[in-house]
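**Student:** Handing you a structure now.
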Amino acid sequence: MLQRLDVWDQLQNFLSPFESLRLDDRVLGSTAWFRRSDLRPGNRGSEAIGWILDHKPLMTKLLDELENNALVNMRFSVDEHSSRQHQQQSDWIVAADGSRSTLRRSRAMPFWSHAYKQGCLTAKVTLEGAEQRCAYELFRAEGPMAVLPLGGALYQVVWSAPLQHCRERANLQDHQLLQQLTDVLPIGIRPTALLDQPGAFPLELSFAPQLSAANLLLVGESGHRCHPVGGQGLNLCWRDVSDLLDLTQSRGINGSLPSNLGRLYTWRRLSDLISVLLSTDLLIRLFSNRQPLILPIRFLIIKLLAQARWVRRVSLSAMTDGPGTLLSRLPQCGQRIAHDGDKQRSTTPAESRSAQFSSAENGTQ
């Protein structure tokens, strides 16, 4: 997606690739490793199985691109009257204004939401003893914890737990929080410094079954939100944009967009959204408890991931390209063409799609 927008190369200095992913069930003490060799052939030319990118440089670059585009008129803090006027004058409106979208609510679009008991604590720390260029996903009884490499000894911690616990931990003294981190991280990994002010955020599962209403299209968290486990929330948003871009480039001879664009977009996105929202919710319910009847299922899942490469490959592909691509063949790296209007360019192996793309900010992966 970032290649199609011609910003991938410009973000290289801010990207932190990881070549392996360690998955731990901390209750059962079982571990599975994902490595580049577990990627599908179409993704294997990448130099990593995923990248971590800090939120600020990403948004700065995207906003710069919009501001410098002669076809885009950027407006901030538009009042209600101006907003209604622009909605009436526009052929299509993309609502990318977040989970509390005012545009979505102005059209009274159906929206289902479930607040998790878990919240999310985010913090940047330095670690000793961690594997180089390795990301960690640790399933614990109170919720999953992601430890994401940001280069060198710097890591982003995304710690899911009951929301009140997250808020209490965010207010701890630095040494107290670091000690609690030491207690839950794998043996041999030790935090040495806290580099920012930790933040605590609520988590929810939400879904708009109808992603369009008249000329309004819901993109990103205005149409869906899931638990940040596995970085799937951001990956869903990227695929929203990618699919919408595909549809808008399929325009007629006169250059106009399809009149049924909203319906096409909704149908194209529904299966991906439903499958990812349900699977992330199931993961949380399965791995965030200690019920004895469920423990054998968890043990079997980690065992299969540890021993069967095809299971790891399917899992990575579902997280990367979406569950809907599992039965389709991906183009080989180096043979893909990125289309931008009438322009085309071949992608190199290092530029091919990522297995996982995470933004290290506000608990969003």
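The values are calculated or read from the model by the stated rules, or taken from the named source; none is laboratory data. Everything quoted here is computed from the prediction, not taken from an experiment. Backbone-built Cβ (ideal geometry, glycine too); neighbour counts: all protein chains shown.
Here's the yes/no breakdown for (1) surrounded by 14 or more Cβ atoms within 10 Å (Cβ to Cβ); (2) more than 17 Å from ARG40 (Cβ to Cβ); (3) without any contact (Cβ under 8 Å) to a residue 24 or more places away in the chain:
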| site | (1), (2), (3) |
| --- | --- |
| ILE274 | yes, yes, no |
| ASP281 | yes, yes, no |
| PRO292 | no, yes, yes |
| PRO296 | no, yes, yes |
| LEU305 | yes, no, no |
| TRP310 | no, no, yes |
| ARG313 | yes, no, no |
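**Student:** Is it true that some residue in the range 17-33 is more than 30 Å from LEU300 (Cβ to Cβ) and under 20 Å from the mean Cα position of the chain (by Cα)?
**Tutor:** yes
**Student:** Follow-up. Taking only pairs six or more apart or across chains, which ones have beta-carbon atoms under 7 Å, a first residue in the range 28-39 that is more than 15 Å from ARG133 (Cβ to Cβ), and a second residue that is part of a strand (DSSP E or B)?
**Tutor:** Correct list of pairs: THR31/ARG22; THR31/LEU23; THR31/ASP24; ALA32/LEU23.
**Student:** Have a look at LEU138, LEU148, LEU154 and point out the one that is closer than 23 Å to HIS55 by Cα, in contact with a Phe, Trp or Tyr (Cβ under 8 Å, 6 or more places away or on another chain), in contact (Cβ under 8 Å) with a residue 40 or more places away in the chain and of a type outside the set (Ser, Thr, Tyr).
**Tutor:** Only one candidate qualifies: LEU148.
**Student:** Among the numbered conditions (1) under 29 Å from LEU236 (Cα atoms); (2) touching an Asp or Glu at 6+ places or on another chain (Cβ under 6 Å), tell me where LEU217 comes up short.
**Tutor:** (2)
**Student:** Any idea how many residues of the range 215-243 are touching a Phe, Trp or Tyr at 6+ places or on another chain (Cβ under 7 Å), at pLDDT 90 or above and farther than 29 Å from LEU21 by Cβ?
**Tutor:** Adding up the residues that qualify gives 1.
**Student:** Related question: Of the conditions (1) surrounded by fewer than 20 Cβ atoms within 10 Å (Cβ to Cβ); (2) at pLDDT 85 or above, PRO41 satisfies every one except a single condition; which number is it?
**Tutor:** For PRO41, the failing item is (2).
**Student:** While we're here: Given the conditions (1) modelled with pLDDT under 75; (2) under 30 Å from LEU205 (Cα atoms); (3) among the small types (Gly, Ala, Ser), which single one is not true for ALA48?
**Tutor:** (1)
**Student:** Tally time: how many residues in the range 132-171 are among the aliphatic types (A, V, I, L, M), part of a strand (DSSP E or B) and closer than 19 Å to GLN12 by Cα?
**Tutor:** 3
**Student:** Here is a further query. Among the residues of the range 107-128, what is the count of those that are surrounded by 13 or more Cβ atoms within 10 Å (Cβ to Cβ) and of a type in the set (Gly, Ala, Ser)?
**Tutor:** The number of residues fulfilling the criteria is 2.
**Student:** Kindly provide the set of residues from the range 219-236 that are in contact with a Leu (Cβ under 6 Å, 6 or more places away or on another chain) and assigned to a strand (DSSP E or B), ordered by number.
**Tutor:** HIS224
**Student:** A follow-up question, please. Determine the pairs where a residue that is free of Cβ contacts under 8 Å to residues at least 12 places away in the same chain, located within the range 64-75, has a partner that is in a loop (DSSP other than H, G, I, E, B) and not hydroxyl-bearing (Ser, Thr, Tyr) with Cβ atoms under 8 Å apart, the partner being 6 or more residues away or on another chain.
**Tutor:** LEU66/VAL72; LEU66/MET74; GLU67/MET74
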